[in-house]
Amino acid sequence: MRILCLSNGHGEDIIAVRILQELRQHSHSLELAALPLVGDGRAYAELDIPIIGPVQTMPSGGFIYMDGRQLVRDVQGGLLQLTLAQHRAIRKWASPGRTKERGRGVILAVGDIVPLLFAWLSGVPYAFVGTAKSEYYLRDEAGPLPRRDQRGRWEGWSGSVYLPWERWLMSRRRCKAVFPRDGLTTQMLQKWSIPAFDLGNPMMDGLEPPRPRAIFYSSNAEQEEMRRSLIVTLLPGSRPPEAYANWQQIMQACVGLMQAFAPRSVLFLGAIALGLNLDPLRQTLEAHGWRESNAPAESTSPISDPEALTFTKENGTLILTQHAYNDCLNQADLAIAMAGTATEQFVGLGKPAIAIPGVGPQFTPAFAEAQSRLLGLSLILVDQPAKVAGVVQYLLRDPDRLQLIVENGRRRMGEAGAADRIAACVMERLLGFYF
């Protein structure tokens, strides 16, 4: 049995790889292949999954839907030629002659309408993991969300965040299963007789700490809480040069936090993507008065990364790490976030995030506003870095709201283990009828 995975973005590639890994656990006889429609597909290469067609990183980095100018740049960079070549590669993989020689083929599409459309055009059975859309953009459990402008009010004109042509592709006979990112979206799609299954969001897989922190109860727990450092994770995003500009805004927010909580110590954990250069981040830190410490990171940080860099300033300690992402998410009390996937994962752990809109191309005011609808009360938008400290003070004085944030994040992002559950369903729905 052959499975071809189509995905269109770095985050989608990672989700796809998690599901393919679980499929391998279910059956060692599967022949896996992939075609990343955006980017170079590094995640597949690391798992030794062959790529069947041409790949190319576009100037926009996959964010053409946010800015028409990005689409023009991608077209000039060869987007149309790449798309046609990828379509030919998929049709060749799914061609009848090849099917007879090497066994039946099925497609797992991960992302949005682009891989879904390619899956339908292939002529073979397919399943769809919908990572890009959620009904939470339009409504919550209580009903439709208020929108400020006419464009926003028209966004749900068809009755769902998924448009009629997308629902048509998901309701075809060859579409054996659809895996939305949350329960609310699943319920909506099921109204159109789409085979939708609420199995969770693979984005939350693999984030569990190797050794959960021990919790001790004592009569002076409140005093002990005030004595420990407030831990704040910093998420500047993963794409240069945008992430470096985001970092400058985040640094302004950190200064305000330290002043607001002095003399209490504040520990900042900078979760930095591997693709970023640490030098511009270090220069920004030094410009704001931070000094690099010679002390080993392990002595001042709850993270496990011997290569981490430690900086100090007044009542603050800041640690830059490119190898302890999970620790940064699990150990923090809250986050200052200007990222996409990382922000959603942090919120999914039941924690609050504060976002400062940037200039893009990803984390624009429009993106931040849409993300705040997706994540609800777990994500708080501020229009300038100086307002972050006040929001944090407000949150820490309201334990009831913090508990609601815990419940909200887990409901919207789901429990860990989704990739395994999706793989099992794929085996049953997509592959089972062949055996």
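Once phi is turned into ³J(HN,Hα) by the Karplus curve 6.51 cos²θ - 1.76 cosθ + 1.60 with θ = phi - 60°, what whole-Hz value does each residue of segment 357-374 show in order, with x for glycine and proline?
Karplus-based 3J(HN,Hα) across segment 357-374 equals x, x, 9, x, x, 8, 8, 8, x, 5, 5, 5, 5, 5, 5, 5, 5, 4 Hz.
Could you work out the local net charge near Pro280, counting Lys and Arg as +1, Asp and Glu as -1, over the other residues with Cβ closer than 12 Å to its Cβ?
Here the charged neighbours net out to -2.
Around Gly152, under 13 Å between beta carbons, what's the net of Lys plus Arg minus Asp minus Glu among the other residues?
+3
From the phi angles alone, apply the Karplus equation (6.51, -1.76, 1.60; θ = phi - 60°) to segment 272-277 and give each ³J(HN,Hα) in whole Hz, x where the residue is Gly or Pro.
Whole-Hz 3J(HN,Hα) from phi for segment 272-277: 10, 5, 4, x, 9, 8.
Springs between alpha-carbon atoms under 10 Å, Gaussian network over the chain: tell me which of Leu116, Leu32, Leu396 tops the mean-square fluctuations.
Of Leu116, Leu32, Leu396, the most mobile in the Gaussian network model is Leu396.
Amide H to amide H under 5 Å from Ser7: which residues, 5+ apart in sequence or cross-chain, H placed 1.01 Å off N in plane?
Answer set, sorted by chain and number: Leu35, Leu37, Val110.
Between beta-carbons, use under 15 Å as the cut-off and find the net charge around Asn315, counting Lys and Arg +1, Asp and Glu -1.
Residues near Asn315 contribute +4 overall.
If you find the alpha carbon centre of segment 151-214 and of segment 383-401, how far apart are they in angstrom?
Distance between centres, Cα-based: 32 Å.
Please identify the trypsin sites (Lys or Arg not before Pro) of segment 100-169 that satisfy two criteria: DSSP loop assignment and at most 10 other Cβ atoms within 10 Å. Which are they?
Hits after loop and neighbour filter: Arg148.
Which lysines have a Cα less than 26 Å from the Cα of Lys387, not counting those fewer than 8 places away in the same chain?
Partners found: Lys313, Lys351.
Based on the Cα gyration tensor of segment 268-427, what are the three equivalent ellipsoid semi-axes, each the root of five times an eigenvalue, rounded to whole Å and given largest first?
27, 21, 17
Segment 261-333: which trypsin sites (Lys or Arg not before Pro) are DSSP loop and have at most 14 other beta-carbon atoms within 10 angstrom?
Arg264
What are the ³J(HN,Hα) values, in whole Hz, obtained from phi via the Karplus relation 6.51 cos²θ - 1.76 cosθ + 1.60 with θ = phi - 60°, for each residue of segment 189-202 in sequence order, with x given for Gly and Pro?
Per residue, the Karplus-derived 3J(HN,Hα) values read 5, 5, 5, 9, 6, 8, x, 9, 10, 8, 10, x, 10, x Hz.
Under 5 Å between amide H atoms, partner at least 5 residues away or on a different chain: which partners does Ala196 have, H built in plane at 1.01 Å?
Val178
Could you work out Rg/(2.2 N^0.38 Å) for the chain, with Rg from alpha carbons only?
1.02
Every read-out reported here was derived from the displayed coordinates using simple, explicitly stated rules and does not represent laboratory data. All figures in this text were calculated on a predicted structure; none of them were measured in a lab. When we count neighbours, we look across all protein chains shown, and the Cβ atoms used for this are built from the backbone with ideal geometry, even at glycine.
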